[in-house]
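A quick write-up on the structure given underneath.
The values are calculated or read from the model by the stated rules, or taken from the named source; none is laboratory data. The shown structure was predicted, so the numbers you read here are calculated from the model rather than taken from an experiment. Positions of Cβ are generated from backbone atoms using ideal geometry, with glycine treated the same way; all protein chains shown enter the neighbour counts.
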Amino acid sequence: TEKFAGKTALVTGGGSGIGKAVATALAAEGASVVINDLKIEVAQSVADEITSAGGTAVAIAGDVSNPDDVQAAVQKAVDTYGGLHLAFNNAGIGGPQGPVADIDIAGYRALMGVNLDSVFYGLHFQVPAILAAGGGAIVNTSSILGVVGDANALPYVAAKHGVAGMTKAAAISYADKGIRINSVHPGYIDTPLLQGLPEEAYNGLVAKHPIGRLGASEEVAKVVLFLLSDDASFVTGSQYLVDGGYTAQ
Ligand code: NAD
């Protein structure tokens with residue numbers, strides 16, 4: 001039987017990578033999926049793939065650093081499928097690199113908008129919709145850099161630690177009201193982006209993972225689906241590492 005039959009899910013940044021893997025897996029398990037992405041063409045192509053495979057999905061363009069766009073994505077779920085039960089706040093970008101004194105302030109603010117403010121907007125608009133639908137679950141994408149630091153990625157580290165903090169605070173607020181909220185913390189995941197790295201840099205990333213390789217988006221999706229499912233009925237406010245041992249060292 002399908003684990004998410006009758007459920008509606010919103011996935012942000014669902015046009016690529018981890019978001020695409022989660023949207024596809026949720027649809028395969030019976031969920032109706034709203035796919036947000038900054039790039040409508042990639043969101044639409046994921047929705048089309050899901051629909052061709054017999055699933056149910058719709059795409060919506062939106063910038064998660066804009067609260068109106070995040071609200072519109074939640075409203076799309078309500079208007080199209082009658083409510084919202086599940087959300088994966090996942091859209092994110094790499095940040096400006098370098099020691100803090102060299103990072104320009106506009107780059108810092110832009111990164112915080114996409115990687116941290118977005119999760120606040122997500123929670124702010126999703127929680128009332130999920131309560132109205134009788135309860136559900138939310139997963140926010142943090143990172144290994146939401147658990148440990150990186151000298152060259154201060155804004156990203158700050159945003160991803162912030163995601164973990166928002167997750168905990170919101171989880172406590174709604175734990176006894178029928179919404180579970182958790183964060184997922186991927187190690188380096190083998191996306192097309194990383195495959196474009198010079199071989200030396202790619203191998204350097206591999207070497208940081210005791211498991212001896214980078215992760216796949218589908219391996220993150222399996223943990224996210226667990227957290228969104230009733231199998232995780234006693235799991236809230238948790239930080240789930242999916243990192244091949246990166247942070248165990
Ligand atoms: P990706 O680039 O493959 O996919 C991200 C998607 O988000 C893209 O389709 C992009 O168009 C979309 N997006 C970007 N900015 C947006 C915005 N402002 N509004 C809406 N959509 C936007 O990346 P990914 O690797 O799948 O990353 C997904 C999440 O996982 C991010 O939050 C990232 O920080 C996190 N993460 C990734 C890795 C990794 O190694 N790939 C590791 C840890 C955490």
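The residues in region 154-188 that are touching a helix residue (DSSP H, G or I) at 6+ places or on another chain (Cβ under 6 Å) and of a type outside the set (Lys, Arg) can be counted, and the count is 20. Only one of the listed residues (Asp63, Asp48) is of a type in the set (D, E, K, R), part of a helix (DSSP H, G or I) and either over 23 Å from Ser229 (Cβ atoms) or free of Cβ contacts under 8 Å to residues at least 24 places away in the same chain (or both). That residue is Asp48. Within region 179-197, one or more residues are in contact with a Lys or Arg (Cβ under 9 Å, 6 or more places away or on another chain), small (Gly, Ala, Ser) and within 12 Å of the ligand (Cβ to nearest atom). Of Ala23, Ala28, all but one fail to be within 15 Å of the ligand (Cβ to nearest atom), modelled with pLDDT of 95 or more, under 17 Å from Val220 (Cβ atoms) and of a type outside the set (S, T, N, Q); the exception is Ala23. Out of Gly212, Gly149, one residue alone is closer than 30 Å to Ala101 by Cβ and of a type outside the set (A, V, I, L, M). It is Gly149. Within this structure, Ala158 passes the test of being within 25 Å of Ser16 (Cα to Cα) and of a type in the set (A, V, I, L, M, F, W, C). Among the residues of region 35-45, not a single one is of a type in the set (A, V, I, L, M), more than 10 Å from the ligand (Cβ to nearest atom) and touching a helix residue (DSSP H, G or I) at 6+ places or on another chain (Cβ under 7 Å).
The rows are residues; the columns are (1) over 18 Å from Val163 (Cβ atoms); (2) away from the ligand (no atom under 16 Å from the Cβ); (3) crowded, with 17+ Cβ neighbours inside 10 Å; (4) among the aliphatic types (A, V, I, L, M).
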{"residue": "Asp68", "(1), (2), (3), (4)": "yes, no, no, no"}
{"residue": "Tyr81", "(1), (2), (3), (4)": "yes, yes, yes, no"}
{"residue": "Ala87", "(1), (2), (3), (4)": "no, no, yes, yes"}
{"residue": "Gln97", "(1), (2), (3), (4)": "yes, no, no, no"}
{"residue": "Ala101", "(1), (2), (3), (4)": "yes, yes, no, yes"}
{"residue": "Tyr108", "(1), (2), (3), (4)": "no, no, yes, no"}
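Restricted to region 204-249, and to residues there that are among the hydroxyl-bearing types (Ser, Thr, Tyr), in a helix (DSSP H, G or I) and crowded, with 19+ Cβ neighbours inside 10 Å, the residue that is farthest from the ligand (Cβ to nearest atom) is Tyr246. Filtered by the rule that a residue be within 16 Å of the ligand (Cβ to nearest atom) and surrounded by fewer than 16 Cβ atoms within 10 Å (Cβ to Cβ), region 162-178 gives a lone residue, Gly165. If you go through region 134-161 and keep only what is more than 9 Å from the ligand (Cβ to nearest atom), in a helix (DSSP H, G or I) and among the aliphatic types (A, V, I, L, M), you end up with Leu154, Val157, Ala158.
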